[in-house]
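Readers should treat all values here as calculations from the given coordinates under stated rules, not as data from a laboratory. Worth saying up front: this structure is predicted, and the values here are computed from it rather than measured. Cβ sites come from the backbone with ideal geometry, for glycine too, and all protein chains shown count toward neighbours.
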Amino acid sequence: MNCQKQYCFSKVPIFQHLKAHEMEEISHIITHHHFDKGEIILLAGDRKKKLFIVRYGRAKVSHISTDGREYVMRVLEAGEFFGDVTLFNNEPQKSTVEALEKTEICSLDGEELMKILAGTPVTLFHMLAQLSSRLEETENQLSEAVSKEVSERLAAFVLKSAATAGSDTFLLTLTKKDLASLLNTTRETLSRRLSAFQKEGYIEMTGKRIIIKNYDALENLL
């Protein structure tokens, strides 16, 4: 099996328990795509029946409201998948997915994938579990937008970003406009909170690089 294609599997939890022959079958329906920062990976309204996996890089999932405002729903990291709405419900894509940096996407033909997965109920179970987890995360995000202060939401974002990076230091790939949208606040309020975090010694920020200096203080805000 092509090592590049196998890497797509190794990054996705729902595929990690597949048997060798099942992985071999899926490897034949994978196509690789490369995107530069700012390129659209998937457009709202698209009806492509494919499952997309982020092999490396990051992408934002956003929704345009009826009044033309963009709302950032979440950031996709390596190993995460999308496109499942069209794949399972035969409905058009609800959101637009855009590369935040150089990103490689593995796309899997939906109809062929479903034929293979029909014989692997465990994989389908794990996929549904991950979809359920994603729905719960979205509900929590909406709840936090209503019930929590901006400082709490920003602290949670900083801690989660560091955990994802596996380091005290991480790069902010979102623009301040997009981050403000994700945290359901304004750019001005976000800038004030970031400045306050630096003044209090919670973080150190140079350009796009953020270093956590006081984990306890951030966790106490939650």
Checklist entry - Tell me, what is the percent relative contact order of the stretch 148-220, built from C-alpha pairs under 8 Å that lie six or more residues apart? => result 36 percent
Checklist entry - Shape of the stretch 43-97 from its Cα gyration tensor (a ≥ b ≥ c, root eigenvalues): rounded if a/c is under 1.5, otherwise prolate when a/b > b/c, or oblate? => result oblate
Next on the checklist: To make sure I understand the rule: partners must be lysines, Cα under 29 Å from the Cα of residue 208, and not fewer than 8 residues away in the same chain. Which ones qualify?
Outcome noted: 11, 37, 60, 102, 148, 160, 176, 177, 199
Next on the checklist: If the only charges are +1 at each Lys and Arg Cβ and -1 at each Asp and Glu Cβ, what is the size of the charge dipole of the stretch 148-220 around the Cα centre, to the nearest 20 debye?
Outcome noted: 320 debye
Item to check | Straight-distance crosslink candidates among aspartates and glutamates, where the alpha carbon sits under 15 Å from residue 50 and sequence neighbours closer than 8 are dropped | outcome: 80, 84, 91, 109, 111, 112
Checklist entry - For the stretch 148-220, what class follows from the C-alpha gyration tensor (a ≥ b ≥ c being the square roots of its eigenvalues): rounded when a/c is under 1.5, otherwise prolate if a/b is larger than b/c, else oblate? => result rounded
Next on the checklist: Along the Cα→Cβ direction, 7 angstrom out, place labels at residue 211 and residue 159. What is the inter-label distance in nm?
Outcome noted: 2.2 nm
